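Single-structure report; data block below.
The values are calculated or read from the model by the stated rules, or taken from the named source; none is laboratory data. Here the structure is a predicted model, which is why all the values come from computation and not from measurement. Please note: Cβ atoms are built from the backbone with ideal geometry, for glycine as well, and neighbour counts cover all protein chains shown. Surface accessibility is based on the protein's heavy atoms, side chains included, excluding ligands, DNA and RNA. Shrake-Rupley method; radii C 1.70, N 1.55, O 1.52, S 1.80 Å.
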Amino acid sequence: MPITEQQVMEALSRVNEPELGRNIVSLGMVENLKIAGGQVDFTIVLTTPACPLTDVIDRDAKSELSKLPGVTDVNIQWDSRVPADMRLSGQGVQFKNTIAVSSGKGGVGKTTVSVNLAVALAQTGATVGLLDADIYGPNVPIMLGIDSIPKPRDNKIIPGYAYGLRVMSIGFLVPPDQPIIWRGPMIHSAIRQFLTDVDWGNPDYLIIDLPPGTGDAQLTLAQSVPLTGAVIVTTPQEVALADAVKGFAMFEKLEVDVLGIVENMGPYTDPKTGQTISFFGEGGGRRMADRLGVPFLGTVPLDPNVRVGGDEGTPITARHPDAPAAQIFMKIARDVAARISVLNLSE
Ligand SMILES: Nc1ncnc2c1ncn2[C@@H]1O[C@H](COP(=O)(O)OP(=O)(O)OP(=O)(O)O)[C@@H](O)[C@H]1O
Ligand SMILES: [Mg+2]
């Protein structure tokens, strides 16, 4: 008896996408099914190339198909199509999802997290843009080592480019030693222009690095474009956490989903001595995430290599992808991407 398509699809409909909690057939993830004798070939189209649980899907699919009599060989190809935030379509913007990186307090590592999250997502194969929305203190150009001046083409601004990312920052347009003394309305129009007039090329994710606090830039941004979600960065100690809670409350008011909390500058283990130093304490980020009922995304250690990477314009995720800090950024990237798929597909 030849194996039928229906049998295969039925078997695969018992395989769940673990994050979404729905079966891969009903999610339309199975494509290009071919059956030749005992050999079954098909493609699984993931909702993000950064899918953290591909192994689980692979194992479950093979296990279900092995129960079908006559199946001798299963060959799965992998592909991905990131679902777009439906609220963004029809807005005349060129990106599928927006992720704001924010904190209540300054200097906790928003820009470091934005840059490394963006590079990590790009490393998974996703297309990624990075918008520096810190008009008064644009640090993204330094952290990515870009000093180009974006040029206009066909009424669009061509963004900077580094590590696979399209990047826009006011820092490209203003000399680094010159302060920007703009009032609210000018910030508003600059951010709007960056969102609509830059040739973003429709990336899967646009990461937005925010200035600290709960001020003009945040409000402008939330009013200018729907935010798919926000990542809140905090350091582990209580004083930073109090500010992070304020940041959370702001997103709640703005009705923006908080994708999770990143604890930055956490305990660092010296690879030479094995000694662990908790400069800013530890565990606060997780406690806060639990208290607020949002996902805890992970702790990035206070690692001299992270700082050097920032100063030299070579993010640790690109320079030392195997370093513990880079691995954490990769995990955060995968979790954030998965969370966005859940948000987009459950609406
Ligand atoms: N995990 C880390 N380990 C070591 N240094 C770090 C780490 N995270 C950030 N830094 C360093 O701390 C400094 C501040 O980080 P960053 O600029 O990312 O913070 P920020 O929250 O964006 O600041 P601002 O509020 O001014 O925008 C930078 O010099 C950066 O390289
Ligand atoms: Mg910053």
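For this structure, a couple of remarks:
- Aspartates and glutamates whose Cα lies under 20 Å from that of LYS151, excluding same-chain neighbours fewer than 8 positions away: ASP132, ASP197, ASP199
- Comparing GLY109, GLY283, GLY129 in a Gaussian network model of the chain where C-alpha atoms under 10 Å apart are linked, the largest mean-square fluctuation is found at GLY283.
- Computed over the stretch 27-72: relative contact order in percent, which uses C-alpha pairs under 8 Å that are six or more apart: 34 percent
- Here TYR136 and ASP58 are evaluated by their C-beta separation; at R0 = 51 Å the FRET efficiency comes out at 0.60.
- The chain: C-alpha gyration tensor shape, a/c 1.5 cut-off, then a/b vs b/c: prolate
- Of the GluC sites (Glu not before Pro) in the stretch 1-52, not one is in a loop by DSSP (not H, G, I, E or B) with at most 16 other beta carbons within 10 Å.
- Gaussian network model of the chain, Cα within-10 Å springs - most flexible of GLY106, GLY70, GLY137: GLY70
- Cα lying deepest toward the dipole's positive end in the stretch 1-121, options VAL93, VAL56, ASN23, charges on Cβ: VAL93
- Relative contact order of the stretch 236-312, taken over Cα pairs closer than 8 Å and 6 or more residues apart, is 36 percent.
- Contour minus Cα-Cα distance for VAL239 and GLN327 (0.36 nm per residue): 29.0 nm
- Cross-link table LYS67/LYS331; LYS110/LYS272; LYS105/LYS272; LYS110/LYS246; LYS34/LYS67; LYS110/LYS331, entries beyond 22 Å C-alpha to C-alpha: LYS67/LYS331; LYS110/LYS272; LYS105/LYS272
- Summed over the residues of the stretch 224-305 and divided among them, the accessible surface reaches 45 Å² per residue at a probe radius of 1.4 Å.
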